[in-house]
Structures are given as C-alpha cells and as structure tokens.
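*Asks:* Before I ask anything, here is the structure I am working with.
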Amino acid sequence: MKNILFLQASPHGFDSLGARLAHEALMRWQWHEQRSGAYSVLRNLTEPPLSALSRDYALASVSGHPNTDPALEYSEQLIAELTQSDCLLISTPMHNFTVPAVLKLWIDFVLRIDRTFKITADGTFGLLADRPVLVLVRSGGLSIGETARQPDFLTPYLKLVLATIGITMVEFIYLDGIAPDDAAIDAARGEIARSSIFTSAFHHQRDAL
Ligand SMILES: Cc1cc2nc3c(=O)[nH]c(=O)nc-3n(C[C@H](O)[C@H](O)[C@H](O)COP(=O)(O)O)c2cc1C
C-alpha cells in the first residue's frame with residue numbers, strides 16, 4: 001500500500017493551476033491503484049493557514065524538551081504525516097524568488113534538531129528515511145534555463161531543506177508564465193504522470209521515529 005502526502009501551498013487553494021494539476025494526477029493515480037489500497041493525504045498549508053511560530057515552540061524546539069511537550073504538538077503532527085508517507089507531492093507558487101511563507105512555516109515545524117536531523121562533529125545528518133518527492137512550481141515569470149528573467153532560490157533551498165532531514169530523491173516540474181497555454185499545461189501533465197512518485201514501485205522503509 002502506497003501513501004502520498006500532498007502539500008498544497010498556494011493562497012489560491014484549488015483555484016491554483018498547479019494544485020489542480022497535482023490533484024488531478026493524484027485522483028487518476030488513486031483510481032488506477034485502488035485495488036492496492038493506495039491513498040493520499042492532503043495537507044493544505046493555506047486553509048486553515050499554518051500559524052506563526054510561538055515563543056514556546058521556538059524555545060522547546062531547540063532546548064531538548066520531550067517530544068510530548070504540548071508546544072511541540074503541531075510540529076509532531078506534521079512530522080508524523082511526513083514519516084507515514086511513502087512519497088511527497090508539493091505544489092507551490094514561487095513568492096519573491098523562493099517558497100511562500102506558509103511552506104517556510106511547514107519547514108520550520110518539520111526541521112527540528114535531534115528530531116528530524118542531528119548535527120555532529122562530522123556534519124549534519126537527516127534522521128528520516130529517503131523517499132521520492134515531486135515539487136510542482138508555479139511562477140508568473142520565467143525562472144528556469146536560458147530564458148530565466150530572475151534568480152531561482154526556491155529550487156536549491158528546497159533541495160537543501162529536504163536533504164537536511166534525509167530526503168534526496170527530489171524532482172522539480174516548473175510551470176511558469178502568467179497564463180500558460182494548453183500545450184504547456186499538457187506538457188506539465190505528462191511530466192507529472194511520468195514522475196517517480198506516480199510511476200515507481202518504491203516503498204521506503206517507514207521511519208522508526
Ligand atoms: C507575494 C507574491 C510574490 C510573488 N513573487 C514572484 C516571484 O518572485 N517570481 C515570479 O515569477 N512570480 C512571482 N509571483 C507570481 C506567482 O508566482 C504566480 O502568480 C503564480 O502563478 C502563482 O501560482 P498559484 O496560482 O499556484 O498560487 C508572486 C506572487 C505573489 C502573490
């Protein structure tokens with residue numbers, strides 16, 4: 001049984017083209033896989049929006065409090081969703097050259113020292129099992145390749161964030177432009193369908209955290 005966690009990060013919710021394409025691909029995949037019991041879990045980061053970090057969380061997350069500390073409850077919930085998933089699908093807009101604030105908040109709740117990564121004299125080590133990730137990026141301007149008109153801090157940033165907790169199998173699909181035409185949308189649809197989260201028979205070793 002395969003489980004995909006879907007993080008939706010656009011303020012437009014399911015009016016977002018990226019979220020619609022991601023959702024469409026998930027529904028098709030679930031329909032094909034229904035006999036295997038495959039399922040997806042939606043974490044809509046914008047509705048209800050993730051709350052800003054509290055002082056209690058900021059203190060508890062770095063001072064070795066037990067994971068049962070109430071200040072860590074929401075972080076534990078988001079980490080559990082991730083550790084219970086076999087694959088991760090992120091649909092996100094680019095906001096000011098990088099991830100939108102809600103996705104940054106998710107990161108601040110999930111990257112926790114001595115919980116999802118540790119730092120030793122030999123470097124930083126991720127504590128989660130690796131798993132395939134697909135990131136679908138929507139941007140108003142061109143940000144990839146020779147026609148790029150702006151820097152792309154989103155891609156290297158998300159790669160580093162995920163690698164920090166042990167997740168390195170990350171694919172990116174970009175859908176840029178204010179109003180992508182049908183050909184561009186169809187091309188993105190094809191890329192999504194061929195991505196490893198929808199095609200591989202990969203099952204990660206569930207995290208024992
Ligand atoms: C606050 C904000 C910042 C944005 N910053 C960028 C940017 O840096 N680069 C860019 O190409 N588009 C930028 N955009 C445009 C969005 O990426 C674009 O409208 C995209 O299609 C939104 O995707 P969505 O409908 O999935 O939310 C920004 C939009 C907003 C609201």
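*Asks:* Applying 1/(1 + (r/R0)^6) with R0 = 30 Å to the Cβ-Cβ distance of residue 1 and residue 150, what FRET efficiency is obtained, to the nearest 0.05?
*Replies:* That gives a FRET efficiency of 0.15.
*Asks:* Springs between alpha-carbon pairs under 10 angstrom, Gaussian network model over the chain: which of 48, 180, 100 fluctuates most?
*Replies:* Judging by the Gaussian network model, the answer is 48.
*Asks:* While we're on this one: Would you calculate, for the chain, the mean residue ellipticity at 222 nm contributed by helices, counting each DSSP H stretch of 4 or more residues as -39,500 (n - 2.57) and dividing by all residues, to the nearest 500?
*Replies:* That calculation yields -10500 deg cm²/dmol at 222 nm.
*Asks:* Return the single residue from 144, 167, 90 with maximal mean-square fluctuation; model: Gaussian network over the chain, springs between Cα atoms under 10 Å.
*Replies:* Answer for the Gaussian network model of the chain: 144.
*Asks:* Please determine, in degrees from 0 to 90 and to the nearest 10, the orientation of helix 17-32 with respect to the longest principal axis defined by the Cα atoms of the chain, where the helix direction is its Cα long axis.
*Replies:* Helix 17-32 sits roughly 90 degrees off the main axis of the chain.
*Asks:* Next question, about the same structure. Give the angle, between 0 and 90 degrees and rounded to the nearest 10, that separates the Cα long axis of helix 182-194 from the longest principal axis of the Cα atoms of the chain.
*Replies:* Rounded to the nearest ten degrees, it is 50.
*Asks:* Less than 14 Å from a label point 7 Å out along the Cα-to-Cβ axis of residue 33: which backbone N atoms in the range 154-173 qualify, by residue?
*Replies:* Backbone N within reach: none found.
*Asks:* Moving on to the next point. With springs connecting C-alpha atoms under 10 Å apart, model the chain as a Gaussian network and identify which of 158, 53, 134 has the largest mean-square fluctuation.
*Replies:* 53
*Asks:* Relative to the longest principal Cα axis of the chain, at what angle does helix 73-83 sit, 0 to 90 degrees, rounded to 10?
*Replies:* With rounding to tens, the tilt is 60 degrees.
*Asks:* When you have a sec, figure out the Kirkwood radius of the range 1-82 from all distinct Cα pair distances and drop it here in Å to one decimal?
*Replies:* Here the Kirkwood hydrodynamic radius works out to 14.8 Å.
*Asks:* Follow-up. To the nearest 20 debye, what is the magnitude of the charge dipole of the range 112-209 about its Cα centre, counting +1 on the Cβ of each Lys and Arg and -1 on the Cβ of each Asp and Glu?
*Replies:* That gives a dipole near 420 debye.
*Asks:* Taking K and R as +1 and D and E as -1, what net charge do the other residues with C-beta under 13 Å from the C-beta of residue 192 add up to?
*Replies:* +1
*Asks:* Given charges of +1 on the Cβ of Lys and Arg and -1 on the Cβ of Asp and Glu, with all other atoms neutral, how large is the dipole of the range 3-199 about its Cα centre, in debye to the nearest 20?
*Replies:* About 100 debye.
*Asks:* Suppose all protein chains stay in the model; what accessible area per residue would a 1.4 Å probe give for the chain, in Å²?
*Replies:* That works out to 51 Å² per residue.
*Asks:* Working from the pairwise distances between different alpha carbons, so that the mean of 1/r is found and then inverted, what is the range 3-199's Kirkwood radius in Å?
*Replies:* Its Kirkwood hydrodynamic radius stands at 17.6 Å.
*Asks:* Now, a different point. Measuring from label point to label point, each 7 Å out along Cα→Cβ, what is the residue 181 to residue 12 span in nm?
*Replies:* Distance between the two pseudo-spin positions: 1.9 nm.
*Asks:* Could you rank 119, 197 by how accessible they are, 1.4 Å probe, largest area first?
*Replies:* So, going from the largest accessible area down, we get 119, 197.
The values are calculated or read from the model by the stated rules, or taken from the named source; none is laboratory data. Every value quoted in this text rests on a predicted model; they were computed, and no experiment measured them. Cβ coordinates were reconstructed from backbone atoms using ideal geometry, including for glycine residues, and neighbour counts include every protein chain displayed. SASA here: full protein model, heavy atoms, side chains in, ligands and nucleic acids out. Shrake-Rupley method; radii C 1.70, N 1.55, O 1.52, S 1.80 Å.
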